[in-house]
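Since the structure comes first, as structure tokens, the remarks are kept for the end.
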Amino acid sequence: MRWTDLDVPATAPPRVLIELYRRSSQQGKEDPDFLISLGIALRQVWDMAGAVEAFQRAEALDPEGFHAFGELADSLYMLELDDDALTVINRGHQKGFSNWNMEYIRASALRRLKKHPQAKEALRNAVAMSTYAFAAAEDLLAYAAETQDGDVLLDACDALPSTYKTSAPNIAYRAAAYSLLGRRDDACALIDLDRQVVQVAFEPSRTFESLRAFNAILMDEIAANAVAYREFPGNVPPDPAALRNNQLNVVAAKAYPALAAWLRVIIQKELERYRADTSSHMFVYAPEAGYLYTRGYIHRHAEHNGLHMHSNAVLSGVYHVRVPDEAFNPNEHLGVLQLGLLPPALKNFVPCWRQHAIQPVPGIVTLFPSFVFHDFAPTRSEQPRVALGIDLRAAVPE
Ligand SMILES: [Fe+2]
């Protein structure tokens, strides 16, 4: 497989970029393109209000040249300004801008406004517009799962365009439908965690002295640019103390690039194993070209990710960087990674496959299929639980 991220240069941390954008726009004439770049950088540090302001100023300065309708609408959606988000999408359409992502944002806003028929229509539009609208495909199937009827769910899986047949949402919900229908063999042909979960221990090079020292550096790199986030606004109550850093490939980072290089080797090895025996089904499929998509998480107390799957990925995983002492008590379930749950709409059912509860251990990466729903149990600890979420995503043309 060709790694398309190998040559992506490390960037300055988002906060440094934002400061530079801010300073230069104070010095000279305000430039709309610059303001759009500022808005995009502010989104990375989850400053959605600041991003909206930057995009709106860019549009006011150059209404004809403005193109960041999707980014502006999504920032408004994140601020729960659903009507404003819909207005921006419509304005973008009038100016000739439309893409699957704008349809997806429209669907998300409509869903929160409880306009479900219109939301479903927007999701169907998104899926029809692009072969990469995996998030829209997932939401469409989540709607079907709400019926709690296996036949309805299976029909919804079959109704997706054929290019979505090999996608994480389709496999996840198809397996859930088989489980509801009591088709155990069909379900376990898709989800069989005994064969689909792989754990590998990382050994840092001597320059890091020890694994403990390496993980301490990695934790500092994650904490340095971590920001409060809400990854699944429709799914989890907002938890302002949970922190995320999705910009780890920054200049001067030492631990992250070393770990990323090792992860590419591990994933490549698994990919070769999968190509030799596709019955292991760990991958959604084997892409010709792909890239590593990672983000660091810091959670404490009652925080957790929320039940989710990785609709855009072909393989997923997590590397645990730090685990509170409380999570090492085998009698408690604190902090464990829970793999193989059913999607949120089916939480009252028990899947027919065996679920896995994995004790997080610093220095070990756990790889699992992107189509497996998962979460982790809160640690109830003051000490942080630090993890690196990992995706292999297939490279797609822009
Ligand atoms: Fe995840």
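The values are calculated or read from the model by the stated rules, or taken from the named source; none is laboratory data. Quantities reported herein were computed from a predicted structural model and do not represent experimental measurements. Because the Cβ atoms are built from the backbone with ideal geometry, glycine has one as well, and the counts that use them run over all protein chains shown.
Worth pointing out:
- Per the conditions (1) more than 20 Å from Phe202 (Cα to Cα); (2) buried (at least 21 other Cβ atoms within 10 Å of the Cβ), the sole criterion not satisfied by Val321 is (1).
- Restricting attention to the range 185-226, the residues being loosely packed, with under 13 Cβ neighbours inside 10 Å and β-branched (Val, Ile, Thr) number 1.
- Of everything in the range 1-39 that is small (Gly, Ala, Ser) and in contact (Cβ under 8 Å) with a residue 60 or more places away in the chain, the residue that is farthest from Ala286 (Cα to Cα) is Ala12.
- Scanning the range 14-46 for residues that are at pLDDT below 90 and within 22 Å of the chain's Cα centre (by Cα) returns Pro14, Arg15, Gln44, Val45, Trp46.
- Where a residue in the range 369-381 is assigned by TED's automatic domain parsing to the domain that holds Tyr274 and its partner, wherever it lies, is within 9 Å of the ligand (Cβ to nearest atom) and among the β-branched types (Val, Ile, Thr), with Cβ under 9 Å and at least six apart: His374/Val318; Phe376/Val318
- Failed condition for Glu59, given (1) assigned to a helix (DSSP H, G or I); (2) modelled with pLDDT under 95: (2)
- Scanning the range 264-293 for residues that are touching a residue at least 24 places away in the same chain (Cβ under 8 Å) and within 18 Å of Ala201 (Cα to Cα) yields Arg264, Ile266, Ile267, Gln268, Glu270, Leu271.
- Selection status of Arg295, among the charged types (D, E, K, R) and either in the same structural domain as Ala145 (by TED's automatic domain parsing) or closer than 30 Å to Asp149 by Cβ (or both): no
- Filtering the range 377-398 to residues that are within 15 Å of the chain's Cα centre (by Cα) and closer than 16 Å to Glu303 by Cα leaves Ala387, Leu388, Gly389.
- Gly335 vs. criteria buried (at least 17 other Cβ atoms within 10 Å of the Cβ), over 20 Å from Arg264 (Cα atoms), under 18 Å from the mean Cα position of the chain (by Cα) and not assigned by TED's automatic domain parsing to the domain that holds Ala136: no
- Filtered residues of the range 47-75 (kept if hydrophobic (A, V, I, L, M, F, W, C) and either surrounded by fewer than 17 Cβ atoms within 10 Å (Cβ to Cβ) or in contact with a strand residue (DSSP E or B) (Cβ under 7 Å, 6 or more places away or on another chain) (or both)): Ala49, Ala60, Leu61
- Residue within the range 353-374 that is farther than 30 Å from Pro204 by Cβ and surrounded by fewer than 19 Cβ atoms within 10 Å (Cβ to Cβ) present: yes
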